[in-house]
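Peer 1: Sharing a structure with you now.
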Amino acid sequence: MEIGLNHFLVLSTALFFIGVYGFLTRRNLITLLMSVELILNSVNINFVAFNKYLYPENLDGLFFSVFIIAIAAAEAAVAIAIIINLYRNFNTIDVEETDTMKY
Amino acid sequence: MTDILLLMKHELTLVVIIVLLLILKIREKEEGAENYMPFVNIMLAGNFLLGLVLNRGGELFDGMFVSDNIMVLQKNILNFGVLMISMQSSAWLGRHRHAPEFFVLLLSTLLGMFLLLSSRNLLMFYLALELSTIPLAAMCNYDLAKRRSSEAAMKLILSSALSSGILLFGISLFYGATGTFDFREISSLADSSALQIMAFIMVFTGFAFKLSVVPFHLWTADVYEGSPVAVTSFLSVISKGVMVFALCNVLYTVFNQMSSIWYDLIVITSVLTMAIGNLFAIRQENIKRFLAFSSIAQVSYILIGISGMSAHGMTSSIYFILIYIFSNLGAFGVVAIVSHASGKESINDYRGFAHKNPALAWILTISLFSLAGIPPTAGFFGKLFLLNSGAGQENWYLIIFASMNMIVSLYYYLRVVKSMFMDETEEEINVESTWLARLSLYICVGGILITGFTTGIYEHILSLAQSLK
């Protein structure tokens, strides 16, 4: 069987929603960050697959995915710095326990 | 070469200031940060003044970067807001060990916002958006030892990461549907197919997160409450203003073919935002949280203005943001002074505030009147133009609902005024403020009183907006 665009799209959509599900249900902050990475990687797969199958004449999609990887690293760096500081203040990285502010 | 210097003048000035601040930081000696603040304020004032002169329209980098008169105006408004915030926060930052870094982060955010306004390419748009949100989370964490501050930063970075993930998925679907990142080409290829509608909804979700439109507003109140006051005012004024401008640009240039779809989306979110923002604002006890919900409610009126889909839509939203900067910074300026002097942030702490500090109490009152939209202040005219623009679509139920919500909002704005002027308390707050903070408050009050009556301002923006079409 030939692997086509649809296969990639099913994979990336599944990955995206796994990421969203993880983001909404997990309690550990590091795991939340990993869920965001899943979302960003699903976008990368999308870009590369669209580029390869639909618009092979230029490399726009590939470039975009390279930029996403770089930005994701920056975002993770800031987020982890914030989480470390949060751990110093709260002694936990559980979302349910970092709730000094509520409705 | 002169083209680059002139067209990117706003951005290049910011880069120069950022580099200067970094050099300062390297040469830092043990003395405190007080010495930086006058220097930073002078540079920001210079930045604002430089933004007013020598402006040209045109495009650079193969159409990736565009500048025109309306963008220059938007950037000048943002520069002005940042200058005000810096003046108000000098007392707080003077005590802080890391004042230069604060401005490096603040100005990087502003740089990202300028690029966001000028970008005409989705790749550039995304990069600018990230540049304008990642440093913001670090700024929220600036009270390093406070639990609330780090909790606020955590909430901001995670929700903005999720929202940019959703936005990116939308962009990738657009790439699949059109094969290009250029705004004009996407606009000519937009055909309201199912894939494009899906993509548009995801992009709009990303915007809705940043604007704190209702289904995605839950981070707002916590982040506003936990962050230092200077960052809260930046978040609520500058960050919100730039997202309104960007949403306006994107909806009017990229998605103008799909206007029948986004009109419905904007009406639904606007009604929800109005109702929930107003209802939750009523029950808040913390004044920063209360201002957070008030800013959520204000966004819903801006959405009505944007839904007008004409030059008036763009004009009224820019005009309203200008007024919103004056009124919100007036309010946050007083909150910052009180919070810095006494550490008190609850609405009940403002009981009897007017007896000891009549000037500050009146400034807060005028700002809240302007936010509520009571006639002599500029806020009334801002909202009038927004509703007027929205009424161009002849959706009268929406306009009536919005007007009724403005009446509801009077209750919670006047509650603060009542507790300042009519309630008694034994424990009175004594505040002192720097002359810079007072000057910025007077400028804000002057702006609130003058902007509404100077009809030339609205007409000037309108002529700029019409010259675009």
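The values are calculated or read from the model by the stated rules, or taken from the named source; none is laboratory data. Worth saying up front: this structure is predicted, and the values here are computed from it rather than measured. All Cβ positions, glycine included, derive from the backbone under ideal geometry; neighbour counts span all protein chains shown. Each accessible area value is taken on the protein alone, full model and side chains, heavy atoms only, with ligands, DNA and RNA left out. Shrake-Rupley method; radii C 1.70, N 1.55, O 1.52, S 1.80 Å.
Peer 1: Examine the range B:360-378 for a residue that is under 19 Å from residue B:81 (Cβ atoms), among the small types (Gly, Ala, Ser), in contact with a Cys (Cβ under 9 Å, 6 or more places away or on another chain) and open to solvent by less than 20 Å² (accessible area, probe 1.4 Å), and state whether such a residue exists.
Peer 2: Checked against the condition, which is being under 19 Å from residue B:81 (Cβ atoms), among the small types (Gly, Ala, Ser), in contact with a Cys (Cβ under 9 Å, 6 or more places away or on another chain) and open to solvent by less than 20 Å² (accessible area, probe 1.4 Å), the range B:360-378 yields at least one hit.
Peer 1: Please work out which residue is surrounded by the most Cβ atoms within 10 Å (Cβ to Cβ), limiting yourself to the range A:78-92 and to residues that are among the hydrophobic types (A, V, I, L, M, F, W, C) and more than 9 Å from every other protein chain (Cβ to nearest Cβ).
Peer 2: Let us first name the residues in the range A:78-92 that are among the hydrophobic types (A, V, I, L, M, F, W, C), namely A:78-84, A:86, A:90.
Still in the running and more than 9 Å from every other protein chain (Cβ to nearest Cβ): A:80, A:84.
On the way: A:80: 14, A:84: 11.
The selected residue is A:80.
Peer 1: Continuing with the same structure: Scan B:130, B:185 and give me the residue that is crowded, with 20+ Cβ neighbours inside 10 Å, of a type in the set (D, E, K, R) and either over 19 Å from the mean Cα position of the chain (by Cα) or at the interface with chain A (Cβ under 10 Å from one of its Cβ atoms) (or both).
Peer 2: B:130 is the lone residue from the list that is crowded, with 20+ Cβ neighbours inside 10 Å, of a type in the set (D, E, K, R) and either over 19 Å from the mean Cα position of the chain (by Cα) or at the interface with chain A (Cβ under 10 Å from one of its Cβ atoms) (or both).
Peer 1: Here's another thing I want to ask about it. For residue A:55, only one of the following conditions fails: (1) within 9 Å of chain B (Cβ to nearest Cβ); (2) buried (at least 17 other Cβ atoms within 10 Å of the Cβ); (3) closer than 26 Å to residue B:179 by Cα. What is its number?
Peer 2: The single condition residue A:55 does not satisfy is (2).
Peer 1: Scan the range B:329-361 residue by residue and report those that are closer than 19 Å to residue B:411 by Cβ and under 22 Å from the mean Cα position of the chain (by Cα).
Peer 2: B:331
Peer 1: Within the range B:190-204, does at least one residue satisfy the condition of being within 9 Å of chain A (Cβ to nearest Cβ), outside any helix (DSSP H, G or I) and free of Cβ contacts under 8 Å to residues at least 60 places away in the same chain?
Peer 2: No: zero hits.
Peer 1: How many of the residues making up the range A:6-30 are within 11 Å of residue A:45 (Cβ to Cβ) and in contact (Cβ under 8 Å) with a residue 40 or more places away in the chain?
Peer 2: Qualifying residue count, the range A:6-30: 2.
Peer 1: For residue B:137, work out the one condition from (1) within 11 Å of chain A (Cβ to nearest Cβ); (2) in a helix (DSSP H, G or I); (3) surrounded by fewer than 24 Cβ atoms within 10 Å (Cβ to Cβ); (4) hydrophobic (A, V, I, L, M, F, W, C) it doesn't fulfil.
Peer 2: The number of the failed condition is (3).
Peer 1: Identify all residues within the range B:157-182 that are within 18 Å of residue B:128 (Cβ to Cβ), part of a helix (DSSP H, G or I), more than 7 Å from every other protein chain (Cβ to nearest Cβ) and not hydroxyl-bearing (Ser, Thr, Tyr); write none if there are none.
Peer 2: B:166, B:167, B:170, B:171, B:174, listed by residue number.
Peer 1: In addition: Looking at the range B:298-324, which of its residues are of a type in the set (A, V, I, L, M), more than 21 Å from residue B:444 (Cα to Cα) and within 16 Å of the chain's Cα centre (by Cα)?
Peer 2: The first filter runs over the range B:298-324 and keeps only residues of a type in the set (A, V, I, L, M), leaving B:299, B:302-304, B:306, B:309, B:311, B:314, B:318, B:321-323.
From what's left, more than 21 Å from residue B:444 (Cα to Cα): B:303-304, B:306, B:309, B:311, B:314.
B:303, B:306, B:314, listed by residue number.
Peer 1: Could you tell me whether any residue of the range A:35-48 is more than 8 Å from chain B (Cβ to nearest Cβ), out of contact with any Ser or Thr (no Cβ under 7 Å at 6 or more places or on another chain) and surrounded by fewer than 15 Cβ atoms within 10 Å (Cβ to Cβ)? Before you say what the answer is, go through the steps one by one.
Peer 2: Here is the first cut: in the range A:35-48, the residues more than 8 Å from chain B (Cβ to nearest Cβ) are A:35, A:37-38, A:41, A:44-45, A:48.
Filter once more, keeping what is out of contact with any Ser or Thr (no Cβ under 7 Å at 6 or more places or on another chain): A:35, A:37-38, A:41.
Restricting the remaining residues to those that are surrounded by fewer than 15 Cβ atoms within 10 Å (Cβ to Cβ) gives none.
No, the range A:35-48 contains no residue that is more than 8 Å from chain B (Cβ to nearest Cβ), out of contact with any Ser or Thr (no Cβ under 7 Å at 6 or more places or on another chain) and surrounded by fewer than 15 Cβ atoms within 10 Å (Cβ to Cβ).
Peer 1: Next question. Looking at the range B:425-437, is at least one residue open to solvent by less than 70 Å² (accessible area, probe 1.4 Å) and part of a helix (DSSP H, G or I)?
Peer 2: Among the residues of the range B:425-437, at least one is open to solvent by less than 70 Å² (accessible area, probe 1.4 Å) and part of a helix (DSSP H, G or I), which makes the answer yes.
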